[in-house]
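K.L.:
Pasting in a structure now, in structure tokens, and then I'll have a few things to ask.
The values are calculated or read from the model by the stated rules, or taken from the named source; none is laboratory data. No experiment lies behind these values; they were computed from the predicted model shown. Cβ placement follows ideal geometry from the backbone for every residue including glycine, while neighbour counts extend to all protein chains displayed. Side chains are part of the model used for accessible areas, which takes the heavy atoms of the whole protein and leaves out ligands, DNA and RNA. Shrake-Rupley method; radii C 1.70, N 1.55, O 1.52, S 1.80 Å.
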Amino acid sequence: MKHLFTTLFLLITGILLSQTVDERNHIISKSNTEQGSLLKKQFDGAFIKDQAEVKAFLSNNPQLKNKERLQRFIDGWPIFYHEDFNEYAAETIKANSMYPSGTLGLSVTGQGITLGIWEAAGGKVRNTHVEFGNRVELSDGASNLIAHASHVMGTMIASGVSPSRRGIAYQANAKAYDSTNDNSEILDFASQGYLVSNHSYGNLATSLPESAFGAYGTQAVEVDQIMNAYPYYQYVKSAGNDRSSTTLNQTILKGGYDLINGSSTAKNVITVAAINGVDYDATLPPDYNPNNISSFSSFGPTDDGRIKPDIASKGVAVNSCISNSNNAYGFLQGTSMAAPGITGLIGLLQKHYNNLNTGTYMKSATVRGLLCQSATEAGDYDGPDYIFGWGIADGLKAANIITNRGTSAILDENNLTNGQTFTRNITINSTQNLNVLISWTDPTGIATSTLDNRSPRLINNLDLKVIKDGTTYYPWKLDPDAVLSPPTNTSDNNVDNLERVQIYNATPGTYTIQVTHKGTLQSGSQDYTLVASGTGGLSLNTSNFAADNNFFVYPNPATNVLSFHNPNSIELSSIVITDIAGKQLITRNNINSNDIEVSSLQSGVYFITFTTDAKSFVKKFIKN
């Protein structure tokens, strides 16, 4: 009977914490389902045509190497797909800071989130592996068990039966597919309100024409079409492992630059580079130098100079599940091993956001902005580069921005209309580094197959500036014709759909954030996300501390005492402090002070509920 009650409790808990049907329906309601349906017909028709062309080509070329990986033809060229200790992966991107034992006290494990995974053709996950329990759903006809698929899945969700191989979002669920007819399947996945999927496969570089490298081609257009139809869905892509090639002009003549290709060049995709890893708890040996890129990770840029890859994660010597048996593990490396770390991290961050904002999740543009805003600097210069992108993903900083949203950080989803100028003032009270970013899901551009076409692929060109005392601070940008040069921040960025202004040692005072646009916005407006944070915290208006203006709490974060402001002297009947799971920790019924002792609470996020005879007000605060 005891086991029955335990089973029922776990089942009910899982149901309560899962991404609900209502939550997914809310996401669907914000999507362009008509566009999605049209795209699905387009992709299904293209798949039938592609398969006919592949069959005819193979019948005439039976001797062809890699014939089992031939997927389709684009502009007459055959496209071949191939596959590009988890403990260190989690530590490198600080995902472990959100775990129950983590420094943030958030108890976020991925439970309630469903991740998607697509593998190279025929690649099947061993869903019966001891690390997966019953959390992996095989969602198409993939038939070949391969180590790569199970390894990627393990990095995403392995439960930790072997503690050092525990995945990033180790209690999440997953739906697994292979890459056959992937675009149509991705549309189905996104149309159900799911949030993120991993794609650790790509084109065989040696089969591509020179013009395909860096180009905004057909594959990039297709992915951007999907993400425009479903603005909450995020596609995560491995950057590729082609820098170790000895036959490509990009490695022989260009030093490994200009290698990004296929869907990795899409404007709205998160493209992931592979580093050796970082052990933040130890004296860093050479292999864990955060500036030490792997020997194989493909470098950008895109032909129009956009910052690709976007972010970096551990992809060297990753120990995870393999498919030999239900309890087999092994080492693999590649950007294929780095991308699932980012996919799992997104699952954690979405769950953390949902815990604090019941019923809602972040749009994909918000996810991209959050990851790039909070990244740890890497490379030879401050700012982005075409090796690491914006740096090494940092789950701790990203989670803190979510936690501090509306108190000492900004994470707002806005809309800019034609001709509009958006401004917002922020204040800092001490010298600190100031970080402001905008990101948006840019409308799909026109595919190009011209060699090194420098024309921007940007459709809606938003501009970010930060102004103080007559000085204008501009966003970072890179020059595709000078890939070894440092980034500049002295003028507008006219190519990226993510712009970041960094002000080092910003002096105290008021700064004006300004968002404008050039030209005419397609469809008359553009959704975008604004992210702002400072190393010492921003001072925002009282209205930003809580949705209700009658109450706000301070200081936030609190150390020993939390105070509240009750300007209208409303009579309170009770005050209750709960953790994010809803457990009551402090209750006061006799209220004779505006100060509450919170020193007994562990570090983490809490909610305080003020109750009157008529209503309740709920506020969020952080305990240091």
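K.L.:
Collect the residues in the range 366-397 that are closer than 22 Å to Asp442 by Cβ, open to solvent by less than 10 Å² (accessible area, probe 1.4 Å) and part of a helix (DSSP H, G or I), keeping them in residue-number order.
P.N.:
Residues satisfying the conditions are Thr366, Val367, Gly369, Leu370, Leu371, Cys372, Gln373, Ser374.
K.L.:
Here is a follow-up. Name the pairs: first residue in the range 520-538 and closer than 15 Å to Ile503 by Cβ, second residue open to solvent by 40 Å² or more (accessible area, probe 1.4 Å), Cβ to Cβ under 6 Å, at least 6 apart or on different chains?
P.N.:
Note: pairs meeting the criteria are Thr535/Asn433; Gly536/Ser430.
K.L.:
For the range 379-426, give me the residue count where each residue is under 22 Å from Tyr88 (Cβ atoms), in contact with a helix residue (DSSP H, G or I) (Cβ under 8 Å, 6 or more places away or on another chain) and hydrophobic (A, V, I, L, M, F, W, C).
P.N.:
6
K.L.:
I'd like the residue in the range 145-203 that is in contact with a strand residue (DSSP E or B) (Cβ under 9 Å, 6 or more places away or on another chain) and of a type in the set (Asp, Glu) and, out of all such residues, is surrounded by the fewest Cβ atoms within 10 Å (Cβ to Cβ).
P.N.:
The residue in question is Glu185.
K.L.:
Which of the residues spanning the range 409-426 are open to solvent by less than 20 Å² (accessible area, probe 1.4 Å) and more than 22 Å from the chain's Cα centre (by Cα)? Spell out the reasoning first.
P.N.:
So in the range 409-426, the residues open to solvent by less than 20 Å² (accessible area, probe 1.4 Å) come out as 409-411, 416, 426.
The answer is Leu416, Ile426.
K.L.:
Which one of the conditions (1) over 17 Å from the mean Cα position of the chain (by Cα); (2) β-branched (Val, Ile, Thr); (3) modelled with pLDDT of 95 or more; (4) closer than 30 Å to Asn32 by Cα does Val161 fail to meet, given that it meets all the rest?
P.N.:
So the condition that Val161 fails would be (4).
K.L.:
Across the range 19-43, what is the number of residues that are farther than 12 Å from Asn354 by Cβ, assigned to a helix (DSSP H, G or I) and open to solvent by less than 50 Å² (accessible area, probe 1.4 Å)?
P.N.:
Residues flagged as farther than 12 Å from Asn354 by Cβ, assigned to a helix (DSSP H, G or I) and open to solvent by less than 50 Å² (accessible area, probe 1.4 Å) within the range 19-43 amount to 4.
K.L.:
Out of the range 427-440, which residues are open to solvent by 20 Å² or more (accessible area, probe 1.4 Å), of a type outside the set (Gly, Ala, Ser) and assigned to a loop (DSSP other than H, G, I, E, B)?
P.N.:
Within the range 427-440, Asn429, Thr431 qualify.
K.L.:
Please give the number of the condition Ser449 fails out of (1) farther than 18 Å from Leu530 by Cα; (2) touching a helix residue (DSSP H, G or I) at 6+ places or on another chain (Cβ under 6 Å); (3) open to solvent by less than 40 Å² (accessible area, probe 1.4 Å).
P.N.:
The one condition Ser449 does not meet is (3).
K.L.:
Taking the range 457-473 on its own, how many of its residues are in a loop (DSSP other than H, G, I, E, B) and either open to solvent by less than 60 Å² (accessible area, probe 1.4 Å) or at pLDDT below 95 (or both)? Please lay out each step first, then the result.
P.N.:
The initial filter retains those residues of the range 457-473 that are in a loop (DSSP other than H, G, I, E, B), namely 457-460, 469-470.
This time we only want the ones that are either open to solvent by less than 60 Å² (accessible area, probe 1.4 Å) or at pLDDT below 95 (or both), so: 457-458, 460, 469-470.
Of the residues in that region, 5 qualify.
K.L.:
Mind checking which residues of the range 222-264 are at pLDDT 95 or above and among the β-branched types (Val, Ile, Thr)?
P.N.:
Matches in the range 222-264: Val223, Ile226, Val236, Ile260.
K.L.:
Do you know which residues across the range 217-244 are more than 21 Å from the chain's Cα centre (by Cα), within 27 Å of Thr33 (Cα to Cα) and surrounded by 24 or more Cβ atoms within 10 Å (Cβ to Cβ)?
P.N.:
Gly217
K.L.:
I've got another one for you. Just wondering, is there one or more residues in the range 334-346 that are surrounded by 24 or more Cβ atoms within 10 Å (Cβ to Cβ) and outside any helix (DSSP H, G or I)?
P.N.:
Narrowing the range 334-346 to residues surrounded by 24 or more Cβ atoms within 10 Å (Cβ to Cβ): 334-346.
If we keep only those that are outside any helix (DSSP H, G or I) too, we end up with 334.
Yes, that holds for at least one residue.
K.L.:
State whether the residues of the range 477-490 include one that is of a type outside the set (Lys, Arg), at pLDDT 95 or above and within 20 Å of Asp527 (Cα to Cα).
P.N.:
No, every residue in the range 477-490 fails to be of a type outside the set (Lys, Arg), at pLDDT 95 or above and within 20 Å of Asp527 (Cα to Cα).
K.L.:
A follow-up question, please. Examine the range 612-621 for a residue that is touching a strand residue (DSSP E or B) at 6+ places or on another chain (Cβ under 8 Å), part of a loop (DSSP other than H, G, I, E, B), closer than 24 Å to Ala399 by Cα and open to solvent by 50 Å² or more (accessible area, probe 1.4 Å), and state whether such a residue exists. Talk me through it step by step, then tell me what you get.
P.N.:
As a first pass, look at the range 612-621 and keep what is touching a strand residue (DSSP E or B) at 6+ places or on another chain (Cβ under 8 Å): 616-621.
If we keep only those that are part of a loop (DSSP other than H, G, I, E, B) as well, we get none.
Scanning the range 612-621 turns up no residue that is touching a strand residue (DSSP E or B) at 6+ places or on another chain (Cβ under 8 Å), part of a loop (DSSP other than H, G, I, E, B), closer than 24 Å to Ala399 by Cα and open to solvent by 50 Å² or more (accessible area, probe 1.4 Å).
K.L.:
Check the range 564-572 and report whether any residue there is in contact with a strand residue (DSSP E or B) (Cβ under 6 Å, 6 or more places away or on another chain), open to solvent by less than 60 Å² (accessible area, probe 1.4 Å) and modelled with pLDDT under 95. Explain how you work it out, then say what you get.
P.N.:
The first filter runs over the range 564-572 and keeps only residues in contact with a strand residue (DSSP E or B) (Cβ under 6 Å, 6 or more places away or on another chain), leaving 564-565, 572.
Filter once more, keeping what is open to solvent by less than 60 Å² (accessible area, probe 1.4 Å): 564, 572.
Next, only the ones that are modelled with pLDDT under 95 stay: 564, 572.
Checking the range 564-572: at least one residue is in contact with a strand residue (DSSP E or B) (Cβ under 6 Å, 6 or more places away or on another chain), open to solvent by less than 60 Å² (accessible area, probe 1.4 Å) and modelled with pLDDT under 95.
K.L.:
On to the next question. For the range 207-222, give me the residue count where each residue is touching a Phe, Trp or Tyr at 6+ places or on another chain (Cβ under 9 Å) and hydroxyl-bearing (Ser, Thr, Tyr).
P.N.:
Adding up the residues that qualify gives 1.
K.L.:
For the structure I just gave you, tell me whether Leu356 is out of contact with any helix residue (DSSP H, G or I) (no Cβ under 6 Å at 6 or more places or on another chain), closer than 30 Å to Gln522 by Cα and of a type in the set (A, V, I, L, M, F, W, C).
P.N.:
Working: out of contact with any helix residue (DSSP H, G or I) (no Cβ under 6 Å at 6 or more places or on another chain): yes; closer than 30 Å to Gln522 by Cα: no; of a type in the set (A, V, I, L, M, F, W, C): yes.
Considered against the rule, which asks whether it is out of contact with any helix residue (DSSP H, G or I) (no Cβ under 6 Å at 6 or more places or on another chain), closer than 30 Å to Gln522 by Cα and of a type in the set (A, V, I, L, M, F, W, C), Leu356 comes out as no.
K.L.:
Further, regarding this structure: Please go through the range 305-321 and give me each residue that is modelled with pLDDT under 95 and open to solvent by 10 Å² or more (accessible area, probe 1.4 Å), ordered by number.
P.N.:
Selection gives Val316, Ala317.
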